[in-house]
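The structure under discussion appears below in the form of structure tokens.
The values are calculated or read from the model by the stated rules, or taken from the named source; none is laboratory data. The structure displayed is predicted, hence computed values, not measured ones. Methodologically, a virtual Cβ is constructed for each residue, glycine included, from the backbone with ideal geometry; neighbour enumeration extends over all protein chains shown. Note: areas computed on protein heavy atoms with side chains; ligands, DNA, RNA excluded. Shrake-Rupley method; radii C 1.70, N 1.55, O 1.52, S 1.80 Å.
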Amino acid sequence: RSGGEGYELMNRVKSWVTYLQVAPLALVFLLFLIVPIATIVVVSFFDYNTTQIIPAFLLQNYEELLLSPVTWRTYQQTIQFALITWALTLGIGFTVAYFVAFHVRSPTMQTVLFLICTIPFWTSNVIRMISWIPFLGRHGLANTTLMNLGLIKEPLEFLLYSDFSVVLAYVHLYTLFMVVPIFNSMMRIDRSLLEAARDAGATGWQTLVNVILPLCKPGIAIGSIFVVTIVMGDFVTVRMMSGGLSASVGLMMANAMSLLQYPAAAANAVVLLLLVLFIVAAMMRLVDIRKEL
């Protein structure tokens, strides 16, 4: 009996040690994730006026949000931005990662190329966005060059303060979030699989589609989650690059908070969070990203 009690006591001690090891991380998640989200959910049911927030339990904020045609158009445009940005960053990111992983043999050169890609991240996103304005403006470098070459007769108006400039800025800012996880997946591919495919008579395209692409799915999923979630919640890029002509969910929340309509902004944040969680859950159902972690 004493041996059984000792064994049971040892198991209890091990379980408590495990709990103590997990406790710091659990506390961080509780303070910086669970508590803020719970606060937003609670505030989303509050009432408000022009001067104060009134504690209450009302569905009015969600009713006004979900029954407004403006809300649906804004979410539609936000999803459109996210999808276009995702497609472009995926194409560019996969191409860059493929070139660096399979065509650059030297690890030193791979490091140099990655350094070149990451140098722009040493500056602020706002500064990088502002740098597009003199390039895309009506009398900017792009229009001036095209007119001097005789390709256009008058400046192209859509280059700046338009949906085009917003998507261009998104692709510029977030392509690296797609390159890194895809490159990481490609570097884990056993090169003997590629040799076996070539020995079996597969063309380069067949090897890409049937060998490389399936093995890169976890990296593609991780990069897609990064890009889509960031674009869905962004508002600075839309505000600066569209000149106020485009809308996004993040910008709608920022405008509500500037008017002290915090409960309405909180309700919008809850709906956006649920939508993003649904998108991420759908991606994780399609691809098991645990293989990449």
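Which of the residues that make up segment 124-180 are open to solvent by 50 Å² or more (accessible area, probe 1.4 Å), of a type in the set (D, E, K, R) and in contact with a Pro (Cβ under 8 Å, 6 or more places away or on another chain)?
138
Being within 30 Å of residue 165 (Cβ to Cβ) and either open to solvent by less than 60 Å² (accessible area, probe 1.4 Å) or modelled with pLDDT under 95 (or both) narrows it down to one of 41, 100, 28, so name that one.
Details: 41 fails: within 30 Å of residue 165 (Cβ to Cβ); 28 fails: within 30 Å of residue 165 (Cβ to Cβ).
Sole residue among the options that is within 30 Å of residue 165 (Cβ to Cβ) and either open to solvent by less than 60 Å² (accessible area, probe 1.4 Å) or modelled with pLDDT under 95 (or both): 100.
Is one or more of the residues making up segment 145-163 touching a helix residue (DSSP H, G or I) at 6+ places or on another chain (Cβ under 6 Å), in a helix (DSSP H, G or I) and under 30 Å from residue 248 (Cα atoms)?
Checked against the condition, which is being touching a helix residue (DSSP H, G or I) at 6+ places or on another chain (Cβ under 6 Å), in a helix (DSSP H, G or I) and under 30 Å from residue 248 (Cα atoms), segment 145-163 yields at least one hit.
Inspect all residues belonging to segment 106-123 and state whether any of them is touching a strand residue (DSSP E or B) at 6+ places or on another chain (Cβ under 9 Å) and either open to solvent by less than 80 Å² (accessible area, probe 1.4 Å) or within 18 Å of residue 272 (Cβ to Cβ) (or both).
no
Listed residues 198, 128; which is closer than 24 Å to residue 90 by Cβ, part of a helix (DSSP H, G or I) and free of Cβ contacts under 8 Å to residues at least 60 places away in the same chain?
Numbers: 198 fails: closer than 24 Å to residue 90 by Cβ.
Unique residue meeting the criteria: 128.
Within segment 224-250, can you find the residues that are surrounded by 17 or more Cβ atoms within 10 Å (Cβ to Cβ), part of a loop (DSSP other than H, G, I, E, B) and among the aliphatic types (A, V, I, L, M)?
The answer is 247, and nothing else.
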